[in-house]
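The values are calculated or read from the model by the stated rules, or taken from the named source; none is laboratory data. Model, not experiment: these values are computed from the prediction. Virtual Cβ from ideal backbone geometry, glycine too; neighbours counted across all protein chains shown. Ligands, DNA and RNA are excluded from the accessible area calculation, which covers all protein heavy atoms including side chains. Shrake-Rupley method; radii C 1.70, N 1.55, O 1.52, S 1.80 Å.
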Amino acid sequence: MKFFIDTANLKDITEAQSMGVLDGVTTNPSLMAKEGITGKENILKHYLDICNIVDGDVSAEVISTHFDGMIREGEELAALHPQIVVKLPMITDGVKACKYFSSKGIRTNVTLVFSAGQALLAAKAGATYVSPFLGRLDDISTDGMHLISEIREIYDNYNYNTQILSASIRHTMHIVNCAKVGSDVMTGPLSAIKGLLKHPLTDIGLKQFVEDAKKMNL
């Protein structure tokens, strides 16, 4: 399973990259705003800064909600850097734009997916990635992980190449469970990724090893 980090914070991206396990980055307007990145030129420069840190795909989201605007923005983003993946919303014009981009060889990530039917449409339109938001479903007492399993079954039934990018990851167990059900990618905060490192027995064992090493006068 690929590990993406869901942020626009360059410090967090750099730290995740330094761990040697990062495969890409996802961003959105909310994450950009959180970092105080405003204005078209600053946003485009920030995408380039991210691409210069990571080796893998960087999802850059269009702002427009109508077809012509999505095409204009998406083509500009795709031309920015080879690592850029155009992120599109799961709406009618978003599906149309996905089909257009896929016919042009431009990679896409269809986002804000909350049902298996939406994921099916994205795959039929040729999406490179589909982003089901499992954490937001959990927030309203709906089993987000079940959605990931449903999408996996449908894609396997028909050999769709669209990759399941499990988004809205809230915690470390979301990552583990996504891996168990066959998600191709997960995207989440640095805290969730680093949480995979933690286990009390590891800490206890390491402490004992260090103490024993001191007795050996190394």
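Of ARG72, ARG107, ARG152, the order by accessible heavy-atom surface (1.4 Å probe, DNA, RNA and ligands excluded), from most exposed downward, is ARG72, ARG107, ARG152.
Net charge of the neighbourhood of THR172, taken over other residues with C-beta under 12 Å away and scored Lys/Arg +1, Asp/Glu -1, is +3. Compute a Gaussian network model of the chain, connecting alpha carbons closer than 10 Å, and tell me which residue from GLY135, GLY205, GLY188 fluctuates the most. For the chain, modelled as a Gaussian network with Cα springs under 10 Å, the answer is GLY205. Please work out the C-alpha center-to-center distance from the stretch 176-212 to the stretch 6-62 and express it in whole Å. Rounded to whole Å, the Cα centres lie 23 Å apart.
For LYS180, the lysines whose Cα comes closer than 18 Å to its Cα, not counting residues fewer than 8 places off in the same chain, are LYS2. With a cut-off of 14 Å between beta carbons, the residues surrounding CYS51 carry a summed charge of -2, where Lys and Arg count +1 and Asp and Glu -1.
With the whole protein complex present, PHE3 retains an accessible surface near 40 Å², based on a 1.4 Å probe.
Given the pairs LYS45/LYS87; LYS40/LYS87; LYS45/LYS124, which are separated by over 25 angstrom at their Cα positions? Going by Cα-Cα distance, LYS45/LYS124 fall outside the 25 Å limit. Pairing the Cα long axis of helix 92-103 with the longest principal axis of the chain, what angle in degrees results, from 0 to 90 and rounded to the nearest 10? For helix 92-103, the angle is close to 80 degrees. Relative contact order of the chain, taken over Cα pairs closer than 8 Å and 6 or more residues apart, is 16 percent. Over all other residues within a Cβ to Cβ distance under 12 Å of TYR160, the charged ones net out to -1, with Lys and Arg as +1 and Asp and Glu as -1.
Counting protein heavy atoms only, the chain has 55 percent of its accessible area on carbon and sulfur, 1.4 angstrom probe. Angle of helix 144-158 to the longest C-alpha principal axis of the chain, folded into 0 to 90 degrees and rounded to 10: 60°. Counting only protein heavy atoms and using a 1.4 Å probe, the accessible area of SER30 comes to about 90 Å².
With every protein chain present, what is the per residue accessible area of the chain (1.4 Å probe, Å²)?
51
For the chain, the mean residue ellipticity at 222 nm estimated from helices alone is -16000 deg cm²/dmol, where every DSSP H run of n ≥ 4 contributes -39500 (n - 2.57) and the total is divided by all residues, rounded to the nearest 500.
Can you tell me the 0 to 90 degree angle between the C-alpha axis of helix 172-181 and the longest principal axis of the chain, rounded to 10? On a 0 to 90 degree scale, this one is about 60.
Applying 1/(1 + (r/R0)^6) with r as the Cβ-Cβ distance of ASN159 and GLU15 and R0 = 45 angstrom yields a FRET efficiency of 0.75.
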